[in-house]
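Note sheet for the following structure.
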Amino acid sequence: MASSQQLCTFHLERLFFGVSVQEVQEVIRYQEMTPVPLAPSVVSGLINLRGQIVTAIDLRRRFGMPDRETGRLPMNVVVRTDEGPVSLLVDEIGDVLEADGDHFEAVPPTLSKEMHELLRGVYKVKGALLLVLDTGRALQSGPPAARAPNR
Amino acid sequence: MSELDDIVRDFLVESHEGLDRLDNEMVVLEERPDEKETLASIFRTIHTIKGSSGFLGFGKLGKVAHAGENLLAKLRDGTFPLDNQITDSLLAMFDAVRKILERIEQTGGEGDEDYSTLVQQLTLLLDGRKALSVAATPTPPPDSAAPALFGEALVAKGVTSATSVARALEVQRTGDPPQLGEILVEHGAIQPQHVVETLREQSEQRGAALTDQNIRVDVSLLDRLMNLVGELVLARNQILQFKVQQEDAQFIATTQRLNLVTTELQAGVMKTRMQPIGNVWGKFPRVVRDLAKSCGKQVRLELVGKETELDKTIIEAIKDPLTHIVRNSIDHGIERPEVRVAAGKAPEGVLAMRAYHEGGQVNIEIKDDGAGIAAERLKAKALEKELVTAEEVARMGERELLNLIFLPGLSTAAKVTDVSGRGVGMDVVRTNIERIGGTVDVFSERGRGTTLRIKIPLTLAIIPALVVTASGHRFAIPQVSLLELVRLEADEVQREIEDLHGAPVYRLRGRLLPLLNLRTVLAFGCRKDSEAAVNIVVLQADGRQFGLLVDEINDTEEIVVKPLGKLLKGLTTFAGATIMGDGRVALILDVQGISQGANLITASTGHSMLEDNSGTAQAKNDRSTLLLFRAGESRRLAIPLSDVARLEEFGHKTLERAGDRAVVQYRGEILPLLHVSSLMGDAKGEWNDPCQVVVYSNGGRSVGLVVENILDIVEESYVVQTRARSQGVLGSTVIQGRVTDLLDVDHLLRQHDPGFFVTTTESAPVGT
């Protein structure tokens, strides 16, 4: 990872995340969602993206963070996958940043298990630490315990 | 080179199409040997293959086809009639052509097989018949005008010059090679592909009356069109909803037109993907012919409704299941001629396949007049292989027993043949058909035959669905599984919906319909206002009915089925999702998944309340389920539900006597009746009219236990508290706050009917 990388950034709780722009299809405002009963709890619902049905995954739940306070609407970061687009629900969208490969480091060992599992590494950018999300991992339904009867 | 490869590929595709047609046409011709048009069509196909193979350098193919063509030409001109020998040779010729084509497809060459005997045979036939037909009028040499015309066509296309054609014609007249195109290619006056094209055009013009105007379209293009139309239908639906709020007359008129055009476009695009089922059936005449021969049986195949159209993807999907069913019918169903005659049937068996549209679905029936399915053997086999338990089998009705053939690993064939009987098959048939949203049912009558009925949707992409609401969310239910809708007003709910220990049931025209609440299925909270009216959506899955309670029934709508993402694939409750008219997403319920999830599939059809309840009972099998009843002296008794086959009521009129026993005719057998009170040594119990009977089964024998009345079915983890003194009681326990005796049925029966446990004949013992 010596070369630089463009990252689409977003905020979650008080953390600063990034996803490679190559993986991002688009970023959209909150969309009305249809909840899916019996689905894993990380699945917030289905959204209609111009005629395509897209599963929305709440990254807060994926990371085991507390739910967003009611009334605060998430944003959609729609990422491409082999099986069509999937939306990641985040708190707020940040800028697209050019991250320098020299500033990349592996995930510090003290971070939680979820963090280790879902992160590729950390970029030390000015004034913050940018956590690089491993989207492939994030889109797996997570620990079996995440299966809730209803949300 | 790649250009030539393209030509070869085109040639292969075209020839395969032609050959598929040939099989059908030969069958027609066998029935009506003098049908000129069919003969002409066969001739044209072979002629085209011969022509093209010449230019592409497939000499062997050309020779075979040429020999066949000569024979066909005489047949077409009526020089001599078609007979068995000629038919056989022609079929052999088709096979040879097919084989060479396959070789070309695989290796690019024609293969090493030697077909000279076949060619010789065809030529001999031709010469022999010509000699035979004394009054053979000298027919003009075939296509005498064709070379000139062909040459003209080539010149007109500008692919060669008039002089080259003239020279080639000269060579043709003097020399041996009969084909103008070949000479032209040899002379280098023309490119082979031009010759092929022109030949094709010519044959198309000649065959215009029959082949119409067809173009070949890539299926993936049609798929894309289909998707786009799906989107258009959604947009149309959205606009239609929007229209309601509008008052602009012109806008409304435009939407109406859009609506009409979209509907027509949808139908049109669907139609492009439609193919007559005859395309799959086409191969069956030969399959049946060959199979029957190898099994030593006589089978006549009847095909009705060949023109019934189905979506191409569905046609592909049913090909294998149908073949399997046909094989089964011939191998197991239809008997050998001598057996048939002995049974008073015609030596020739009939295998009838019928396809027809019904209610937006296609029904396909495969019916044979063979021996039928031996339900008893099926049962024994299933037990032997431990696919089902004895209790399950004892509880099964005729229809459930027959449905055992769909269990994996079951075969009733006495011996495994190379055709069928390996025990894989019918389960695959069922899985394949259900995968495309279809159902398969089996009906059979011993000695009379078996019918398999397959119901499949016309298409998979756009389906009609019923939209319902539960807990404020909309869900779509595919109409294929929908039987009817029942609405109960608030005051009827209490009365009509009965509770069988937590399992609600509804009496639908006298039959018990198990109910499921969609809210419960989806783990939404249950509705508090029990005062409200109730909507029951009566659904069918795997031949079993159940009612789904929903909050509201909205409307029926054409929906476009979209798959769910990877994360949601594991949910059996949903078949997919769709976008509704207002642009929001709605989930499509998977009726089968829901029914399986609720364990309804393992329960039986709603004949007796027992069976309907057993499904829910099995769901919590860590506790035992007991049947509570009363017999004499207001004594409460219980027996494990697993020992109970059925609950029945018999009127006094149906009771008969055999020896000193009361018996009743039950399901073609004689069922002895024993009153529980008298069994237990109490005073003679009362025989109510009608009397309540618990049918108890053990080892294929049944006995009816007469009780005063049946109280309840409960699930209890009971502890026997006191050892009993009286005979035939295992002990006592407290159920529902009252002391209840647990009956030891085996002990009682052994005392009163020692013969009961001696497993001998099938029929129940009569008297002692």
Checklist outcome for this item: Exactly one of B:29, B:56, B:61 is open to solvent by less than 50 Å² (accessible area, probe 1.4 Å), closer than 30 Å to residue B:303 by Cβ and either at pLDDT 80 or above or out of contact with any strand residue (DSSP E or B) (no Cβ under 9 Å at 6 or more places or on another chain) (or both), and that one is B:29
Checklist entry - Given region B:425-479, what strands (runs of 3 or more DSSP E) lie entirely inside it while holding 3 or more residues that are over 16 Å from the mean Cα position of the chain (by Cα) and within 17 Å of residue B:593 (Cβ to Cβ)? => result B:462-470, B:473-478
Checklist outcome for this item: Subset of region A:1-60, residues out of contact with any Lys or Arg (no Cβ under 9 Å at 6 or more places or on another chain) and among the charged types (D, E, K, R), comes to A:14, A:26, A:29, A:50
Checklist entry - Can you tell me which residue in region B:469-481 is farthest from the other protein chains (Cβ to nearest Cβ), limited to those that are open to solvent by less than 40 Å² (accessible area, probe 1.4 Å) and of a type outside the set (Ser, Thr, Tyr)? => result B:478
Checklist entry - Of the numbered conditions (1) part of a helix (DSSP H, G or I); (2) at pLDDT below 75; (3) in contact with a Leu (Cβ under 7 Å, 6 or more places away or on another chain), residue B:46 satisfies every one except a single condition; which is it? => result (2)
Checklist outcome for this item: Per the filter on region B:699-736, residues modelled with pLDDT under 70 and either within 40 Å of the chain's Cα centre (by Cα) or not β-branched (Val, Ile, Thr) (or both) are B:699, B:700, B:715, B:716, B:717, B:718, B:721, B:723, B:724, B:725, B:726, B:727
Checklist entry - Restricting attention to region B:324-336, and to residues there that are part of a helix (DSSP H, G or I) and open to solvent by 20 Å² or more (accessible area, probe 1.4 Å), which single residue is nearest to residue B:462 (Cα to Cα)? => result B:324
Item to check | Condition met for residue B:371 (within 26 Å of residue B:432 (Cβ to Cβ) and in a strand (DSSP E or B)) | outcome: no
Next on the checklist: Would you confirm, using the coordinates I've provided, whether residue A:120 is within 16 Å of the chain's Cα centre (by Cα), modelled with pLDDT of 85 or more, within 14 Å of another protein chain (Cβ to nearest Cβ) and open to solvent by 30 Å² or more (accessible area, probe 1.4 Å)?
Outcome noted: no
Checklist outcome for this item: Matching residues in region B:122-149 (at pLDDT 75 or above and either within 19 Å of residue B:16 (Cα to Cα) or open to solvent by 90 Å² or more (accessible area, probe 1.4 Å) (or both)) number 1
Checklist entry - Does any residue of region A:71-89 turn out to be open to solvent by 40 Å² or more (accessible area, probe 1.4 Å), free of Cβ contacts under 8 Å to residues at least 40 places away in the same chain and more than 14 Å from chain B (Cβ to nearest Cβ)? => result yes
Item to check | Qualifying residues in region B:539-583 (those that are free of Cβ contacts under 8 Å to residues at least 40 places away in the same chain and assigned to a loop (DSSP other than H, G, I, E, B)) - the one nearest to the other protein chains (Cβ to nearest Cβ) | outcome: B:565
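Right, residue B:279: part of a loop (DSSP other than H, G, I, E, B) and among the polar types (S, T, N, Q) or not?
Taking the combined requirement at face value, the residue does not satisfy it.
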Next on the checklist: Please determine whether any residue of region A:126-141 is surrounded by 15 or more Cβ atoms within 10 Å (Cβ to Cβ), within 14 Å of chain B (Cβ to nearest Cβ), at positive phi and in a loop (DSSP other than H, G, I, E, B).
Outcome noted: no
Next on the checklist: Quick check on my filter: what residues within region B:243-260 are touching a residue at least 12 places away in the same chain (Cβ under 8 Å) and open to solvent by 60 Å² or more (accessible area, probe 1.4 Å)?
Outcome noted: B:258
Item to check | Out of B:622, B:590, sole residue that is out of contact with any helix residue (DSSP H, G or I) (no Cβ under 8 Å at 6 or more places or on another chain) and modelled with pLDDT of 80 or more | outcome: B:590
Checklist entry - Among the residues of region B:338-365, how many are modelled with pLDDT of 85 or more, open to solvent by 20 Å² or more (accessible area, probe 1.4 Å) and either of a type in the set (Gly, Ala, Ser) or not in a strand (DSSP E or B) (or both)? => result 11
Checklist entry - Of all residues in region A:27-65, how many are among the acidic types (Asp, Glu) and more than 8 Å from every other protein chain (Cβ to nearest Cβ)? => result 1
Next on the checklist: Kindly evaluate residue B:521 against the criterion of being among the hydrophobic types (A, V, I, L, M, F, W, C) and farther than 30 Å from residue B:357 by Cα.
Outcome noted: yes
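The values are calculated or read from the model by the stated rules, or taken from the named source; none is laboratory data. Not measured: the values here are computed from a predicted model. Because the Cβ atoms are built from the backbone with ideal geometry, glycine has one as well, and the counts that use them run over all protein chains shown. When the accessible area is computed, the model is the full protein with side chains, heavy atoms only, and any ligands, DNA or RNA have been set aside. Shrake-Rupley method; radii C 1.70, N 1.55, O 1.52, S 1.80 Å.
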